[in-house]
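Q: Below you will find the structure I want to go over with you.
The values are calculated or read from the model by the stated rules, or taken from the named source; none is laboratory data. These figures come from a predicted structure and were not determined experimentally. Using ideal geometry, Cβ is built from the backbone for each residue, glycine included, and neighbour counts are taken over all protein chains shown.
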Amino acid sequence: MALKHLLKALVPPRARRYLRDRFVAFNVRHFAGLKVVRLAPDEAAVTCLVKNGEYYLRAFIDHHLRQGFRHIFILDNGSSDETVQIAAAHPNVSVFQTSLDVGMYQGNLKRHLAQRTVKGGWCLDVDIDEFFDYPYSHVVPLKRFLRYLNSNHFTVVINQMLDLYSENTLSHLLVTVDEDIHSVYRFFDLSEVERVLYRKSTLTPKYGNRNTVTDPGLELLYGGIRKRLYGINCLLTKHSLFKRSDDLDLFPHVHFVYRGVFTSVTELKREIERFIKVHNKELAKPFRWTKDAATIIGAVERAKKVLPN
């Protein structure tokens, strides 16, 4: 312990981080799948550090590939379940492995995985129990969302986590392995969520003081259902989606990206709602029938006689 404190006092922070990053790179090995993807500006890949994520893994893969993410990179940290086997069997998933202590090297591991595997485009770094979404994703494809970010010169998107739970007791997990996570986990509780303006957070001066925030009302959220049940005032805000650029400093804090131009999905939502309002007011026209019902039905019947079945 004395040697650790001595090294910390003698070695500058940048040098310590460099040495830790090199140590991490030496201790991460490729196991299966692509080693790297090269993305277009409107493409994105997913990175995920995980241990024993079998319960979530199939739903996690399906969710993000359906959203339009091109590839998923899993960094396994010594799973004893079927995480590695399930991930390695999927053609759009790659597996890397490490035995390093996540408590000591989490930020370094996340940074290494993103920098090593995702070249160009965008990267989404999430935990195995986190399912990324954004407003109007059912009508706005991921590529269009990323083009919106690129056109506005954003490099990072702030994400707010919403903890979902089911109506079942925890004991049901002892006998249930394969279930529809989206339909089972559909309840949430916002009563213990604490809101702090991004610029007034105690974390920002240390990890985000060089970030450019376009929305002055942007907030960091804390607490939620975990605070109500367990007294844990955890940070619910993440800088999860970021452009793969050397200009960004990834994960000086495991939830933060540094030197980014930030937006939140709230801004995207306002843009879409503004477009809908203008479109409905100025461009949308009601549909009007130009023929009566008898004429239309007659035309259909004549078409049936002429066209082959």
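Q: Working only within region 206-258, note down all residues that are of a type in the set (Ser, Thr, Tyr) and at pLDDT below 90.
A: Residues satisfying the conditions are 207, 212, 214, 230, 245, 258.
Q: List every residue pair whose Cβ atoms lie under 8 Å apart, where the two residues are 6 or more positions apart in sequence or sit on different chains, the first residue falls within region 36-59 and is among the basic types (Lys, Arg), and the second residue, located anywhere, is part of a strand (DSSP E or B).
A: Going by the 8 Å Cβ cut-off, the qualifying pairs are 38/119; 51/76.
Q: Sticking with this structure for a sec: Exactly one of (1) at pLDDT below 95; (2) in a loop (DSSP other than H, G, I, E, B) is unmet by residue 104. Its number?
A: (2)
Q: From 208, 224, which residue is on the phi > 0 side of the Ramachandran plot and either surrounded by fewer than 16 Cβ atoms within 10 Å (Cβ to Cβ) or of a type outside the set (Val, Ile, Thr) (or both)?
A: After applying the criteria, what remains is 224.
Q: Still on this structure, I have one more. Only one residue in 157, 139 is among the aliphatic types (A, V, I, L, M) and either closer than 20 Å to residue 231 by Cα or in contact (Cβ under 8 Å) with a residue 12 or more places away in the chain (or both). Which one?
A: Step by step, each of 157, 139 is checked, and only 157 is among the aliphatic types (A, V, I, L, M) and either closer than 20 Å to residue 231 by Cα or in contact (Cβ under 8 Å) with a residue 12 or more places away in the chain (or both).
Q: Further question: Which residues, taken from region 59-89, are part of a loop (DSSP other than H, G, I, E, B), in contact with a helix residue (DSSP H, G or I) (Cβ under 6 Å, 6 or more places away or on another chain) and either small (Gly, Ala, Ser) or surrounded by 18 or more Cβ atoms within 10 Å (Cβ to Cβ) (or both)?
A: Across region 59-89, the qualifying residues are 68, 77.
Q: Within region 19-34, track down each residue that is part of a loop (DSSP other than H, G, I, E, B) and modelled with pLDDT under 95.
A: Scanning region 19-34 gives no hits.
Q: Shifting gears a bit: Mind listing whichever residues of region 35-58 are part of a loop (DSSP other than H, G, I, E, B), among the hydrophobic types (A, V, I, L, M, F, W, C) and surrounded by 15 or more Cβ atoms within 10 Å (Cβ to Cβ)?
A: 39 - this is the single residue of region 35-58 that is part of a loop (DSSP other than H, G, I, E, B), among the hydrophobic types (A, V, I, L, M, F, W, C) and surrounded by 15 or more Cβ atoms within 10 Å (Cβ to Cβ).
Here is a yes/no grid of residues against (1) closer than 23 Å to residue 254 by Cβ; (2) modelled with pLDDT under 95:
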| site | (1), (2) |
| --- | --- |
| 17 | yes, yes |
| 38 | no, no |
| 61 | yes, no |
| 72 | yes, no |
